[in-house]
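Novice: After the structure tokens below, expect a handful of questions from me.
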């Protein structure tokens, strides 16, 4: 086992509040933050609001010993500081009055302890997204739980969220790499972000050498995927799903080729434009290009931006309109004070008005040397030029350090990065004067309270010239909040010997931790957006000379060892200052300049009965003594009995447990961290599974994370490992056999066969009237195919004649028959072949004054009949109907044409056996012409009548040429 030295142990600030015969507790009241010396620490997995300090400090001013519990959040280092030299002083209340604290004054001590390295024990996932779309990069979302074993078990959770994982297949947490892999039916392996083909994949999470159980991922075409929610329309507000985990897709079909943009959307989204080949172009911005009738899919994710819980979003797609003009409107005609007011990328004192081709407008805040974008995705570029008379010189921001010196400037705004005289460049410009800042005329900052004027866009400048070299404390207040609030910006410069220095530590200067020099001018620029007032309390820091304890803490005893926490609650000290005054400070409070006291470092035991705890304020330190408490006074835990602890978040509770028999035991504490310590070896054991010896005392330390904590000791739960796995197939059940590593028991789980994942039916042979068709489908998982018949088509028959038709003796006429697919004419039959004969659909009149019925029968058995009446005279036209040959519809009595346009008509005679000729004529051939087949061509504007005639029947159409 590798031994290392412990440098950090604390996730939540905690303190001991009482030690009595029943319990030992700590709480999180009255946190203080001043300390004598800091050390470098690293928090590997920090709980919310964890206090991270060199020696873990409690909220009651206590500091955990460096041999305290091996919590999962500690960092192990290879070096410790030397113990403080007590210099022969007694172990009572001691006052040290050194002028300055040296490294030897900082208490830090502890023995080497053994810490078990964590190993990954199991990986599992819940709420896993198992659906994806073919051709779109696949990401899953999951709540992933990784369990570690070592000194104790710990549980970590992380997520593979759609909006967090880039095109990679791993995510790192706690220094352990977690990978996600997918395996296709072809045996190929893929990672997150792969564009997968339709099919089923096996996905696994791997952490270290431990692999999760497999998860089955289904990738389908967009139209078949459950992630696809439906279409959206142009210029229409649409409520769309935006899941907190996963993604929801909506389709948009472009009515015309062009650029489109998202006018409103309160959700994260990406746009995927379908190229028609099962692949997509991805657009991250708010605008994109589509061809006419090309489909784009918008994928929404992450919920509403206006709510942490809402999973709906409102969106509207619009057509991008070209910008026709750009105008700049200045909000101030005054020159701007120099220094860094004109910092590149900062706001200008003016607005850009954009006018679009469709007549709409938009307003943007102009920025120095930066490109700004409207909501349609158009870019407005800017170029800054120094002006010297008629000469203009473009500014090189990299050379001037991103800040404009005093001078005159011209700023151009344009839609294209071209020369200013380019014909196709829409641009405008404004002139601006930058004055040099007069450092001697700036408003001085003096001791006391002040309300300051702050600029909204450009900084308002002040100066501070200390009357004497000392430390000063600056307390800023913006609106109702103290400190740097949103929209409040300040920047400091030190002005010395005619030079500006922006690299000095103004933060420590403001906190009163760095002495400032007399005769040096300090310059500060202040900005406060939305006109919020800014105030400043400026005080001179008093020099702390000595501290002395005037009242002991409420706690008087401490359990032996170095894991119990110290509380300074109730303690009071008197602080003496070089300025000649004294102040009495209670624990948890501060002196007049905001400084309090706390436990400074780990405590040490002088002997078995007495412990010294260092307490510091600023750079002064004293020691407080505590007597040893008796472990026999600590409450004992009973096997199998739950205890609800009287605790609060951040409190420490201490118990002891003495097993009646040797064996494996398991300790649990809801909403808390728990450490189990062997009193003999002083080693930390696994709380989940620890082998305990009968009659030995084990110390139990519980740190509450929430108010309700239930503590229990019982049998070790089973630890299952898979000993046999038979994967399920589409038609056969699978089986997983697990064996308990602790008790040897086995458990078998059957996984039901999910059934085939069938594709849609595809017709491989079309059905006809006479024969059934064939259709086929296949399983995307195992490849099995299945065929089924397609029902025969219903038999149909249609003739170009109906009822009774006249026919002259010896006149022939061919009847046209239309049938269903695959059907055919089987026979023709005349009821009186001496009156009317028929052969292959051709009928002929033989005997006048008589009638006969013609019957046609199809192979399917379908029949149709019509009657033929034979007459001596030729068949005359009784009516004319005109149809449009393109649409097949009847042509009305009028029509309108444009010059050069044609209209093709056809005359339909009744009866169909009429032998009279059809003629077409136009009343004015200069306006339109008409062919003998009915083709009308418009020549020039005017009106004309088309006459269709057959025998003594006619049909007229009025044509208007525009």
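The values are calculated or read from the model by the stated rules, or taken from the named source; none is laboratory data. Here the structure is a predicted model, which is why all the values come from computation and not from measurement. Note: ideal-geometry Cβ built from the backbone for every residue, glycine included; neighbour counts use all protein chains shown.
Novice: Taking the stretch 633-668, which residues are in contact (Cβ under 8 Å) with a residue 60 or more places away in the chain, surrounded by fewer than 19 Cβ atoms within 10 Å (Cβ to Cβ) and on the phi > 0 side of the Ramachandran plot?
Specialist: 640
Novice: Next question. Residues being surrounded by 12 or more Cβ atoms within 10 Å (Cβ to Cβ) and either touching a strand residue (DSSP E or B) at 6+ places or on another chain (Cβ under 8 Å) or within 30 Å of residue 218 (Cβ to Cβ) (or both): count how many of those fall in the stretch 793-819.
Specialist: Counting residues in the stretch 793-819 that are surrounded by 12 or more Cβ atoms within 10 Å (Cβ to Cβ) and either touching a strand residue (DSSP E or B) at 6+ places or on another chain (Cβ under 8 Å) or within 30 Å of residue 218 (Cβ to Cβ) (or both) gives 18.
Novice: What number of residues in the stretch 690-717 are more than 16 Å from residue 656 (Cβ to Cβ), in contact (Cβ under 8 Å) with a residue 60 or more places away in the chain and touching a strand residue (DSSP E or B) at 6+ places or on another chain (Cβ under 8 Å)?
Specialist: The total comes to 6.
Novice: Please work out which residue is nearest to residue 400 (Cα to Cα), limiting yourself to the stretch 328-359 and to residues that are modelled with pLDDT of 85 or more and exposed (fewer than 14 other Cβ atoms within 10 Å of the Cβ).
Specialist: Out of the qualifying residues, it is 329.
Novice: So if I check each of 580, 594, 561, 570, which one is without any contact (Cβ under 8 Å) to a residue 12 or more places away in the chain and in a loop (DSSP other than H, G, I, E, B)?
Specialist: Details: 594 fails: without any contact (Cβ under 8 Å) to a residue 12 or more places away in the chain; 561 fails: without any contact (Cβ under 8 Å) to a residue 12 or more places away in the chain; 570 fails: without any contact (Cβ under 8 Å) to a residue 12 or more places away in the chain.
Only one candidate qualifies: 580.
Novice: Can you tell me which residue among 784, 863 is closer than 30 Å to residue 183 by Cα, in contact (Cβ under 8 Å) with a residue 40 or more places away in the chain and touching a strand residue (DSSP E or B) at 6+ places or on another chain (Cβ under 8 Å)? Steps first, please.
Specialist: Values: 863 fails: closer than 30 Å to residue 183 by Cα.
Answer to the check: 784.
Novice: While we're looking at this one, here's another question. Being at pLDDT 85 or above and more than 21 Å from residue 438 (Cα to Cα) narrows it down to one residue among 520, 526, 534, 478; which is it? Give the derivation first.
Specialist: Values: 520 fails: more than 21 Å from residue 438 (Cα to Cα); 526 fails: more than 21 Å from residue 438 (Cα to Cα); 478 fails: at pLDDT 85 or above.
Being at pLDDT 85 or above and more than 21 Å from residue 438 (Cα to Cα) holds for just one of 520, 526, 534, 478, which is 534.
Novice: Return yes or no: is residue 258 in the same structural domain as residue 280 (by TED's automatic domain parsing) and over 21 Å from residue 312 (Cβ atoms)?
Specialist: yes
Novice: Ok, one more. With a cut-off of at least 2 residues that are under 36 Å from the mean Cα position of the chain (by Cα), name the strands (runs of 3 or more DSSP E) lying wholly within the stretch 692-742. Talk me through it step by step, then tell me what you get.
Specialist: Working: elements: 698-704, 710-714, 720-726, 734-740.
In the stretch 692-742, 698-704, 720-726 are the strands (runs of 3 or more DSSP E) which contain 2 or more residues that are under 36 Å from the mean Cα position of the chain (by Cα).
Novice: I'd like the full set of residues that are assigned to a strand (DSSP E or B) and either at pLDDT below 90 or within 20 Å of the chain's Cα centre (by Cα) (or both), limited to the stretch 222-250.
Specialist: Answer for the stretch 222-250, where residues must be assigned to a strand (DSSP E or B) and either at pLDDT below 90 or within 20 Å of the chain's Cα centre (by Cα) (or both): 228, 229, 238, 239, 240, 241, 248, 249, 250.
Novice: Filter the stretch 267-308 for residues that are free of Cβ contacts under 8 Å to residues at least 12 places away in the same chain and more than 19 Å from residue 219 (Cα to Cα) and give the result.
Specialist: 307, 308
Novice: Go through (1) closer than 26 Å to residue 703 by Cα; (2) surrounded by fewer than 19 Cβ atoms within 10 Å (Cβ to Cβ) and name the single condition residue 607 misses.
Specialist: Condition not satisfied by residue 607: (1).
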